[in-house]
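Asks: Sending over a structure as structure tokens; questions will come in a sec.
What follows is calculated from the coordinates using simple rules that are stated; it is not laboratory data. Just so it is clear, the model here is predicted, and its values are computed rather than measured. In this analysis, Cβ positions are derived from the backbone assuming ideal geometry, glycine residues included, and neighbour counts consider all displayed protein chains.
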């Protein structure tokens, strides 16, 4: 974006005073993200108490009781209605990666990671929890399996998110257009490395490496939530500072510049 | 070749290797029975702290770095090892 | 890169402190499990990494002085030592795993495999970075010293982390 | 840019729809839809009695599960054409399609799995059947967002001759409202919201059928008028 002529930025100043907001689509997509994450948090914590995760070694009657709680069904309904917003939040990241000077392969990797991640990390565990509560007649052994399946799929779904955040982090680091700050790329890399550290949840049934453990859940979650928050702020700044001339619907005057940048960013 | 041997980096390396061997020897001799041994633990942890500090200072060239970096890295070594030793003794 | 290094120090720091905390809860388990580790390979690996770090430091100094031939030779040596580390690690892990010592055995071995595994990932990434440093030095024209320094810093960080791991997992009683 | 490719992809939709209609009509589970109140033993007995039909449709659906994807892909291209500031809506649309299609495939798998070994423990057959219905009826979230993305792009289209007529956007918003009750099938075992009820089952499938038909027509029209208009690639 460095070579973009000065004229468009000047006209961008003028256009911002006009009532029409050219970035409306991006802003709408962006503001669904906090809505979604808040809803997500509310459903998981105070509504269903799915999170913080229950112990993998809790006694069978506790698990059966939990799997029968009606709130799990309500949580399931809210999430099935809202989980479509997760793709929108991912689309916001993708949009910024698209503006970077990196190959489209990065955003395609992220896109595929987002698709697989939404299924195994969200839809599937959600239904595992919902099924137990839906039909109370299941045997405890079946409920235990659903319980394990739900938590392991939710916390142990590593590969899809890893490839997604790896592509995101690398794209930020390799980018020459300075869309997002470089340190965010490094932060992303720690974030996904600690996410990888959740692998022991498949082995440990108690202690710091179980799925409710200090290391695999709390530590990873602290990093993740703070990371998500910071990424979110950075995306906000990135959308805000995107010059009008660079938009796909840029006003016709600086069209040559806009065309040139588009062809470069999607090379 | 002599310049390599007299190089301060090589001297640091020789020191690091020596104390590595010393700390292994301490663990082998003093800790052979695999019982709690505060002397061994204190010694090997302090040696590890010294080694970490040496690598950071000399190999990572923090010696010539700005003050904030010096402070952060030294602070990390200090706080980490203080916590480790503190937790070790607290858990006895 | 320093942002990354300090962050990594902090993350590993949390793991170290967590290890010490849980060790304090069950000293006997940790001590008896420790007895089954291979201290020899651990010590050799420490020296290997230290030596590799030395050559990286020497290579960086040579690159800075403009001596590309020396720098290359030293980085190749460092790479060779660095590559020995994962190999030795395999010689350590494979007998242990075949003896039934897996992350599921107990908390000590969980920590052992998670922390050494995480460190091994850093080593492998470091080796890749070192290859790029060598390519940078081989390219005609003046090499990018800042990139050489960044790679070197990363490699030394891997070294520092191993020094702490070695003391915590193999040596302390 | 030539739009022949897009037209070819679009015309793969009618045969796909025909196959889906065929699958729907011959699927024993759907005529009438299995009631959620059946006990595990009744469900197992039903699967034992209808192995051929269920397996046949499960295999067919396994083959054609993704056959509507080209239609959605052309939609994504047309969303990109609408001059919004970015392709954020296209991305969201594509991810939603991927997620939604996978949910359908999982539903199909569960039914197929239940019929594959119908002498399995009735509890497990019933579990697979429940899960299949969950995946089939409930996950409306992605298609809702998908249609909203499309509608939003149409609303934001400020060219003098919009790519899509406005009412297509209104229609898409309406489908969101009509599909939403499906999610509540998780809560009820009888009544209109249960998975075999008129709101969750009949309305949802009818809406979807009309939606595909309308989108097919609208896309054909949009592609026809595209001419040499270039698309910003996602």
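Asks: Cα centroid distance between segment A:32-73 and segment D:1-57, in Å?
Replies: Distance between centres, Cα-based: 33 Å.
Asks: Would you mind calculating the relative contact order of chain C from Cα pairs under 8 angstrom and at least 6 residues apart, reporting the percent as a whole number?
Replies: Relative contact order comes out at 32 percent.
Asks: Moving on to the next point. Using only the alpha-carbon atoms, how far is helix C:2-25 inclined from the longest principal axis of chain C? Give it as 0 to 90 degrees, nearest 10.
Replies: On a 0 to 90 degree scale, this one is about 10.
Asks: Please compute, for peptide A:61-67, the average count of beta-carbon atoms on other protein chains lying within 10 Å of each residue's beta-carbon.
Replies: That works out to 0 on average.
Asks: Helix D:51-64: angle to the longest alpha-carbon principal axis of chain D, degrees 0 to 90, nearest 10?
Replies: So the helix axis and the longest Cα principal axis differ by about 20 degrees.
Asks: Compute the distance from the alpha-carbon center of segment D:182-209 to that of segment C:131-173, in whole Å.
Replies: The distance from the Cα centre of segment D:182-209 to that of segment C:131-173 comes to 60 Å.
Asks: For segment D:76-234, what relative contact order do you get, as a whole percent, if you take Cα pairs closer than 8 Å and at least 6 residues apart?
Replies: On the way: 192 pairs, mean separation 40.1, N = 159.
For segment D:76-234, the relative contact order is 25 percent.
Asks: Right, here's the next one. Counting only other chains, what is the mean number of Cβ atoms within 10 angstrom of the Cβ of each residue in peptide C:8-15? Kindly include the intermediate steps, with their values, before the conclusion.
Replies: On the way: counts 4, 7, 5, 7, 2, 6, 7, 5.
The mean count of partner-chain Cβ atoms within 10 Å per residue comes to 5.
Asks: Per residue of chain D, what 222 nm ellipticity follows from adding -39500 (n - 2.57) for every DSSP H run with n ≥ 4, rounded to the nearest 500?
Replies: The helix-only estimate for chain D comes to -22000 deg cm²/dmol at 222 nm.
Asks: Between the alpha-carbon centers of segment A:154-170 and segment B:34-63, tell me the distance in whole angstrom.
Replies: About 35 Å separates the Cα centre of segment A:154-170 from the one of segment B:34-63.
Asks: What percent do you get for the relative contact order of chain A when only Cα pairs under 8 Å and 6+ apart count? Write down the numbers at each step before the final one.
Replies: Details: 321 pairs, mean separation 62.9, N = 267.
24 percent.
Asks: What does the helix-only formula give at 222 nm for chain A: each DSSP H stretch with n ≥ 4 adding -39500 (n - 2.57), the total divided by the residues, and the result rounded to the nearest 500 deg cm²/dmol?
Replies: After summing the helix terms and dividing by the residues of chain A, the value is -21000 deg cm²/dmol.
Asks: On full extension of the chain, what length is gained from residue A:230 through residue A:199, given 0.36 nm per residue of separation minus the C-alpha to C-alpha distance?
Replies: 8.7 nm
Asks: Can you sort D:158, C:159, A:175, D:108 from fewest to most other Cβ atoms within 10 Å of each residue's own Cβ?
Replies: Lowest to highest Cβ neighbour count: D:158, A:175, D:108, C:159.
Asks: Now, a different point. Test of understanding: ordering D:80, C:53 by Cβ neighbours within 10 Å, fewest first, what list do you get?
Replies: The order, fewest Cβ neighbours first, is D:80, C:53.
Asks: Separate question: Among C:75, C:91, C:109, which one moves the most in a GNM of chain C with springs linking Cα atoms closer than 10 Å?
Replies: Maximum among the listed residues: C:91.
Asks: When a/c is below 1.5 the answer is rounded, else prolate if a/b is larger than b/c, else oblate, so apply that to segment B:2-90 with a ≥ b ≥ c taken from the square roots of the Cα gyration tensor eigenvalues.
Replies: Since a/c reaches 1.5 but b/c is at least a/b, the shape of segment B:2-90 is classed as oblate.
Asks: If you line up the long axis of helix A:6-17 against the longest principal axis of chain A, both from Cα atoms, how many degrees apart are they, to the nearest 10?
Replies: 60 degrees
Asks: Next question, about the same structure. For a quick check: sort A:202, B:68, A:211 by the number of other beta carbons within 10 angstrom, fewest at the front.
Replies: B:68, A:202, A:211
Asks: Starting from the Cα gyration tensor of the protein assembly as shown, take the square roots of the eigenvalues, sort them a ≥ b ≥ c, and report rounded, prolate or oblate (rounded when a/c is under 1.5, otherwise prolate if a/b is larger than b/c, else oblate).
Replies: Numbers: a/c = 2.56, a/b = 1.40, b/c = 1.83.
In terms of gyration-tensor shape, oblate.
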